[in-house]
1. Kindly establish whether Val102 is open to solvent by less than 70 Å² (accessible area, probe 1.4 Å), within 30 Å of Met180 (Cβ to Cβ), part of a helix (DSSP H, G or I) and away from the ligand (no atom under 16 Å from the Cβ).
2. Got a sec? Which of Ser248, Ser254, Ser267 is at pLDDT 95 or above and either within 13 Å of the ligand (Cβ to nearest atom) or over 22 Å from Phe113 (Cα atoms) (or both)?
3. Output yes when any residue across the range 240-251 is of a type outside the set (D, E, K, R) and closer than 22 Å to Ala306 by Cα, and no when none is.
4. Every residue in the range 130-157 that is modelled with pLDDT of 95 or more and in contact with a Phe, Trp or Tyr (Cβ under 7 Å, 6 or more places away or on another chain), please.
5. Within the range 205-214, how many residues are more than 13 Å from the ligand (Cβ to nearest atom) and either assigned to a loop (DSSP other than H, G, I, E, B) or open to solvent by less than 40 Å² (accessible area, probe 1.4 Å) (or both)?
6. List the number of the failed condition for Ser95; all other conditions in (1) modelled with pLDDT under 95; (2) in a helix (DSSP H, G or I); (3) surrounded by fewer than 14 Cβ atoms within 10 Å (Cβ to Cβ) hold.
7. Out of all the residues in the range 298-310, which are touching a residue at least 40 places away in the same chain (Cβ under 8 Å), open to solvent by 40 Å² or more (accessible area, probe 1.4 Å) and not hydrophobic (A, V, I, L, M, F, W, C)?
8. Return only the number of the condition from (1) surrounded by 13 or more Cβ atoms within 10 Å (Cβ to Cβ); (2) under 28 Å from the mean Cα position of the chain (by Cα); (3) within 21 Å of Ile181 (Cβ to Cβ) that Glu122 does not satisfy.
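The values are calculated or read from the model by the stated rules, or taken from the named source; none is laboratory data. Since we're looking at a predicted model, the values are computed, not measured. Here the Cβ positions follow ideal geometry from the backbone for every residue, glycine too, while neighbour counts run over all protein chains shown. These accessible areas exclude ligands, DNA and RNA; they are computed on the full protein's heavy atoms, side chains included. Shrake-Rupley method; radii C 1.70, N 1.55, O 1.52, S 1.80 Å.
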Amino acid sequence: MTQWLEKINSAESLEVLENLRVETLGKKGVITAQFAKMKDIPGPEKKEFAANLNKQKAEIIEALETKKIVLEKEALEAKLKADKIDVTRFNNELSCGAVHPVALTMDRIIEYFQNLNFAVEEGPLVEDDFHNFEALNLPKYHPARDMQDTFYNKDYTLLRTHTSPTQIRTMLNQPTPIRMIAPGTVFRRDFDLTHTPMFHQIEALVVDEADKISFANLKHVLVEFLHHMFGDVDVRFRPSFFPFTEPSAEVDISCVFCKGDGCRVCSHTGWLEVLGCGVVDQNVFKAVGYENKSGYAFGLGVERFAMLIHNIGDLRSLFESDIRLLGQFK
Ligand code: PHE
């Protein structure tokens, strides 16, 4: 029996100890086997045999329990030691994030106009028909509404198709003169190489007394702005149509900022359309209760600017969260 007690005391792991428990006290264990012999022992000796056996059993149980506590403590200490976190260790694989190219471009444009004293206004993404269309001289059932494929909600609200409703909200809330930009997210039912259902625009609106603001003012501000963003490009104004401006124009820049084989963004004409603009239509002023005012407005797509500035060929790559693209903007 001392031999079993020695084995128990020198057990090296909890598994070894468990095996020893089975070999001694288990169904086929040595102690259990001794108990089975009891029936063959003659009456007078039975009592002594039983007492002896119970003593041995108790000794083994005690040895097992004592050793178990010791081994469990050792196992816990070993685990804690292995799991220890070295907070002083320097991790030179730490990588930090980067500002998304769309946000970067948005910030640059906002900063430019803030320096020219334009206020930054924001409006809701869920708009109503009045602000998104009606007040912008787009009456119900007018075919010009087809220019913007709209997400309508069941309650007759809609996801704004442009940032122009912020013009209306600002004019309804503020006295003239107004000099504002409205950056933000817009939505259209459109999806292909050059369109995503969610994108970003920056709107601008300047309003003052009648005859104070002209197309010439608009042209000057835009040419300066485009030179700031794209360097020494040619800028041309093409007659166009927007219901909320009259006259209206689309503005193109020449392709000089990006030439050669690596250029993904230039068109074969050598011109790239970058924004829409015009002199505010008097019907818009009427809708907000303004009289004897003049103004100009323009709106641009931020993704388009980001693609041109950074030579990004596919609009959709701006929304794929691919770390290889985003990592280039650190
Ligand atoms: N809201 C127009 C669009 O989304 C852009 C624009 C804004 C044009 C202001 C003229 C004046 O296409």
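1. The answer is yes for Val102.
2. Ser248
3. Yes, because at least one residue in the range 240-251 is of a type outside the set (D, E, K, R) and closer than 22 Å to Ala306 by Cα.
4. Leu136, Asn137
5. Number satisfying all stated conditions: 6.
6. (2)
7. His310
8. Condition (1) is where Glu122 drops out.
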